[in-house]
Amino acid sequence: MANGRTSGLRLGIVGAGKMGTTLARAAIAAGDDVAISGAGAPERIALTVDVLAPGARAASTNEVVHQADVIILSVPTHRFRELPRDLFDGKILIDAMNYWEPVDGIDEQLATAPGGTSMVVQEWFPSARVVKSLNQLGYHEFEEDRLPRDAPGRIAIAAAGDDLVAVDVVMALIDRLGFDAVDAGPLEAGKALEPDGSPFAVTYSADELSTLVSPGRLVRD
């Protein structure tokens, strides 16, 4: 990486579900090196990864973290607390999770977090460089709506985080994955990207999304 822009990025994905493998396919298409982990040993997901994300490598979570420049956390939200608090120390960690009561059960801390669930994730992983992003669209929309830069009708995905360098890296990744990137502001602004926020599961242009999530913030090219 140089100047916050991703080139030959080593991307790690923790979570081998539908969204995790969709993200892996997009990253591989962008030319990135991708390792992905799921629950249990890598052998348990190796066939799934080969079929759904050819070119990605199945690995243990520890291996994914060790090898990656940037890590996407894409597990059911109630499970992030099963991971060691120091696991992502110093790493750029994209929180792509959404708290959803029918799936995650009742979790008062997540349901009532005044600054959004990513603030809870940051508290759990205090030395990670957490950025809220890649959670706004379902895997179908993410797969179908990717377009090259400057293509007409390209939609936007926002990124919120307190580490400006980490946000810049994530925004560059968003662009490489096929979407316009919008700076949503600090991590607590990620609350607007959650299921009860207006941008969730709705597609917007960069200008529209910038106005919705963070008036006055710049859309980065």
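What does the charge add up to near Phe142, with Lys and Arg as +1, Asp and Glu as -1, over the other residues with Cβ less than 12 Å from its Cβ? Provide the component values of the computation, followed by the final result.
On the way: positive: Lys18, Arg25, Arg146; negative: Glu141, Glu143, Glu144, Asp145.
So the environment of Phe142 carries a net charge of -1.
Tally Lys/Arg at +1 and Asp/Glu at -1 over every other residue whose Cβ is under 14 Å from the Cβ of Glu194; what's the total?
Values: positive: Lys132, Lys191; negative: Asp95, Glu101, Asp104, Asp107, Glu188, Asp196.
Around Glu194, the surrounding residues sum to -4.
Using +1 on the beta carbon of Lys and Arg, -1 on that of Asp and Glu, and nothing else charged, what's the dipole of the range 4-80 about the Cα centre, debye to 20?
Working: 7 positive and 6 negative charges, 41 e Å.
With only Lys, Arg, Asp and Glu charged at Cβ, the dipole is about 200 debye.
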(request) Putting +1 on Lys and Arg Cβ atoms and -1 on Asp and Glu Cβ atoms, find which of Val103, Ala192, Gly15 reaches farthest to the positive end of the dipole of the chain. (result) Gly15
(request) Determine the per residue accessible area of the range 1-125 with all protein chains present and a 1.4 angstrom probe, expressed in square angstrom. (result) 46 Å²
(request) Compute the label zone of Asp207 within the range 122-152: residues whose backbone N is under 19 Å from the point 7 Å along Cα-to-Cβ. (result) 149-152
(message) If you roll a 1.4 angstrom probe over the protein chains with everything in place, what fraction of the accessible area of the chain belongs to carbon and sulfur, to the nearest %?
(response) 53 percent
(request) Would you calculate the separation in nanometres between label points at Asn62 and Leu164, each defined as 7 Å from the Cα along the Cα-to-beta-carbon direction? (result) 3.8 nm
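What is the dipole size for the chain, taken about its Cα centre, with +1 at each Lys and Arg Cβ and -1 at each Asp and Glu Cβ, in debye to the nearest 20?
Values: 19 positive and 32 negative charges, 91 e Å.
It comes to approximately 440 debye.
How much net charge surrounds Pro114 when only the other residues with a Cβ under 10 Å from the Cβ of Pro114 are counted, with Lys and Arg +1 and Asp and Glu -1? Mind showing how you got there, number by number?
Numbers: positive: Lys191; negative: Glu188.
With Lys, Arg at +1 and Asp, Glu at -1, the net is 0.
Given the peptides 103-111, 127-135, 90-98, 34-42, arrange them by the average over their residues of other C-beta atoms within 10 Å, most packed first. Write down the numbers at each step before the final one.
Working: 103-111: 12.8, 127-135: 25.2, 90-98: 23.4, 34-42: 20.2.
Top of the packing list down: 127-135, 90-98, 34-42, 103-111.
The values are calculated or read from the model by the stated rules, or taken from the named source; none is laboratory data. Note that the structure is a prediction, hence the values are computed from the model and not measured. All Cβ positions, even for glycine, are placed from backbone atoms using ideal geometry, and neighbour counts span all protein chains on display. With ligands, DNA and RNA removed, areas are computed over all heavy atoms of the protein, side chains included. Shrake-Rupley method; radii C 1.70, N 1.55, O 1.52, S 1.80 Å.
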